[in-house]
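Readers should treat all values here as calculations from the given coordinates under stated rules, not as data from a laboratory. The structure displayed is predicted, hence computed values, not measured ones. As a convention, Cβ positions derive from the backbone with ideal geometry for all residues, glycine included, and neighbour counts pool all protein chains shown.
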Amino acid sequence: MTGAPRPPRGAVWRAVAVFAAAAVATTWPLAPRLSTHLPAGANDLFQNVWTLWWWKKALLDLGTTPFWTPYLYAPDGLDLTFHTHSPLTMLMTLPVNALLGPVAAYNAAVLLAVILCGLGAYLLARELVRNEAAAVAAGLVFALFPQHQEQLMEHLNLLSCQWMPFALLFLVRGLKYGRRADGVLAGVFYALNALASYHLGLLLTFMGLPIALWYLRESPCRRRALAGLGAGAAAGAALLAPFVWPMAKAMLGGEAFFVKPLEYRPVDPAFFAIPPPTSTFLGGLFEDVYRARRGNEFQYAGFVCFLGWVPLLAVVRVAAGLGSRAGRGEKLLWLGVFLGFCLFACGKCLTFFGTTYPGVSLPQGWTQELGPFRVLRIANRYLIPASLALAVLTAQGLARLPLGAPGRWALAGLIALEFLWAPFPTAELGLHPYMRELARDPDAGAVLALPPCLDAARVDHMLDQMEHERPIVGGYSACTPPALKEDVRKLLRGLGVAPEDLAIPPVIDRALVDALKRRGVGTIILRPGETREAFRAAREEALARGELPFFLRLLRPARALPERRLEVMAAQLTRLLGPPIHEDEELAVWRL
């Protein structure tokens, strides 16, 4: 077979329109607030927005590499080789970033990812089932999958999984029809997927191996198919090499700070069939269950794992059809991929309905210390390939239901409704107007914010840099050399800005001021309103209004300092440096 059937062009454009409408609807009102509001996440959301700003600054303004910055950990600068860049997404959104800024670039990446996730899964499913309504349903499953929607609150790298179905589409086509072009495209899309996130590259490798082996076994033209895949591997390697080589070079040189600790972040399989509170039409029925059973350890993006009632019905239909010989091998393949990744997503030991059973060991616990499994670290990431397999199974199941086209289209609509999250939680990125004044001040020097940003909990303070464009003392990246952190902690230890140092009374003296001057610091910013007491009161009020804890992480009291400590620090700064050069309800600014 030298050719492969393709869906009619009009059908593809209709599918694109469906997924574009779904992207706008499920993130509404993000689209009309493209350059002013962000998803209402925290921590990694702000890291990704800052990274978008830095890529624009490095490439367009400074003409330098984005993999090292002088703007963090002044005056030393920070190596960003192992930072979570998502380089492909950075480059794709660069035009939007240049015209409208990093907030619009992040939102554009979100909308584009949802649309292309739908299109890719649609094309893959249509290749396998040849049924238009079932293929659109598959696209809606992968585009609107609830965990993807929760991940887009913060994780630009993990939400950019839109290239995964395209890579599998051309892998399958290359093995079925033996066309070199399909093999090359499979390699290209594999590289694009890895450049969106190296974690996605590993996940696609795990997913693609059993799929490639099965379709290769069934291929009528294995030699040509293998030649095409070899050409694709070469093309993918050429695309990846410029980005992977700096990391490989650093690792071969003995760097070790990129090794991050394992984190216990599984999904709870009891919630595979329980709609999350974010579901517009079903969530209210189960909100109390989530509040009672989600637990403190699950207050992170990636916990939501609802598979959808219609997709689960389709999976049951596929499983029920295994008694028939027709297509049994292909059904078993996708069922095995789906169930295997779901099992890995459940973590190292079973957690069911909010209760953890340490004695019930699961596959991630057996493999988490091994090579690429160690790099993935976090169990809930395995749900990304599971969701793509679920999309394929949904198409297979719906195509085999004894329904006409209207019935299948109705079920596709039900999938969209049970996954719909509207209105989507957004928050305005309100940077303080004084930061622009600071940008115009020739004597501002480097900036020290108190408390400083040294971890993800205070990464929102880095966003001020997008306005004042001054180097800062400290900063946050996905992998920061411990020596740099310790250098800043040692410098500021007398202030007790680290949780373990709160027993030490704050001391800002002439020696500290002189040490800061030697580092080029010219400005100190203190936020008197960001206290533990203020955060605790605001958090309790929000919980009383019915907000879910996941959306209140910016109000965690532990990320702030006690009110009395900030008052003493402000008094000591005034004694040494005089009154603030700027002061309002939100911040006080001193010049060294």
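General observations
- Theoretical FRET efficiency, 1/(1+(r/R0)^6), r = Cβ-Cβ of Ala537 and Arg436, R0 22 Å, to 0.05: 0.15
- Between the C-alpha center of the stretch 371-392 and that of the stretch 95-122 there is a gap of 22 Å.
- Links that overshoot a 21 Å alpha carbon limit, given the list Lys260/Lys348; Lys249/Lys490; Lys485/Lys517: Lys249/Lys490
- Nearest-ten-degree value, helix 102-129 long axis tilted from longest Cα axis of the chain: 10
- Across the stretch 435-591 the C-alpha pair distances fall into 5 Å bins from zero in the proportions 1, 8, 17, 22, 21, 16, 8, 4, 1, 0 percent.
- Chain lengthening between Leu339 and Arg556 when straightened (0.36 nm per residue, less Cα-Cα): 74.5 nm
- Helix 180-196 and the longest principal axis of the C-alpha atoms of the chain enclose an angle of approximately 30°.
- Lys, Arg +1 and Asp, Glu -1 on Cβ, resulting dipole of the chain about Cα centre, debye, nearest 20: 2440
- Directionally averaged projected area (the stretch 232-350, Cα convex hull): 12.4 nm².
- Percent of C-alpha pairs per 5 Å bin, the stretch 333-430, short to long: 2, 11, 14, 15, 15, 13, 12, 10, 6, 1, 0
- A straight chain from Lys517 to Tyr300 at 0.36 nm per residue would run longer than the Cα-Cα distance by 74.2 nm.
- Longest to shortest principal axis, alpha-carbon extents of the chain, angstrom: 84, 51, 48
- With the biggest extent put first, the Cα atoms of the stretch 367-519 measure 81, 43, 28 Å across the principal axes.
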